[in-house]
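Colleague: Quick one: this structure, given as structure tokens, is what I'll be asking you about.
Any read-out appearing in this document is the output of simple, stated calculations on the displayed coordinates, not a laboratory observation. Quick caveat: nothing in here was measured; it's all calculated off a predicted structure. All Cβ positions, even for glycine, are placed from backbone atoms using ideal geometry, and neighbour counts span all protein chains on display.
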Amino acid sequence: MARSACWLESICSPEVHAVVKDRHRSREFIELLKLIDAVYPPNTAIKLTLDNHSSHISRGTRARLATRPVGRFELTFTPKHGSWLNLIEGFFSKFARSVLRHIRVASKHELKERIMAGIDDINRHPVIHTWSYKLADAA
């Protein structure tokens, strides 16, 4: 089964960027970082919220980030066992229910095509989410 690595929710646009690969290692994550790096203007700070997956904190990832200008990428990590805090988990859940549910595919290639078609559809009809939670409400 192909796995999908996605980045979601740019402040500049609601576009979803995706890389679909069989595995989720540093090299696949670095490929996603390169894609994101190429999409946004050079002077734009890119802020990512990530879980603590080993590919996000590996030597290879750190080496790649070290080649970029200071401040280009700002990584924030959700607490361990706190995947519910990660907006992308909700995106994956909704995507699986609405795009991948009850489908049959003959190959990994077909699955990748369906995933990318679903991403393209989302990008054609974006929904902008506005964070409405107020820190004062937590107290």
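Colleague: Roughly how many debye, to the nearest 20, is the charge dipole of the stretch 56-118 about its Cα centre, given +1 on each Lys and Arg Cβ, -1 on each Asp and Glu Cβ, and no other charges?
Modeller: Roughly 160 debye, rounded to the nearest 20.
Colleague: Same structure again: Test of understanding: what is the full-extension gain from ALA136 to THR49, defined as 0.36 nm times their sequence separation minus their Cα-Cα distance?
Modeller: Value of the extension gain: 29.1 nm.
Colleague: Next up: Cut-off under 12 Å on the C-alpha distance; same-chain residues fewer than 8 positions from LYS47 excluded. Which aspartates and glutamates are left, in chain and number order?
Modeller: Counting by Cα, and skipping residues close in sequence, LYS47 has these aspartates and glutamates nearby: GLU9, ASP37, GLU74.
Colleague: Moving on. How big is D for the stretch 19-94, in µm² s⁻¹ as a whole number, if Stokes-Einstein is applied with the Kirkwood radius of its Cα pairs at 37 °C and 0.692 mPa s?
Modeller: Taking Rh from Cα pairs, D becomes 246 µm²/s.
Colleague: Along the Cα→Cβ direction, 7 angstrom out, place labels at GLU113 and VAL70. What is the inter-label distance in nm?
Modeller: Taking the simple label geometry, GLU113 and VAL70 are separated by 4.9 nm.
Colleague: Could you name the lysines in cross-link range of LYS112, using Cα to Cα under 18 Å and dropping any fewer than eight places away on the same chain?
Modeller: LYS21, LYS94
Colleague: Which of the listed residues, VAL39, ALA63, VAL16, is farthest toward the dipole's positive end in the stretch 12-86, when Lys, Arg count +1 and Asp, Glu count -1 at the beta-carbon?
Modeller: ALA63
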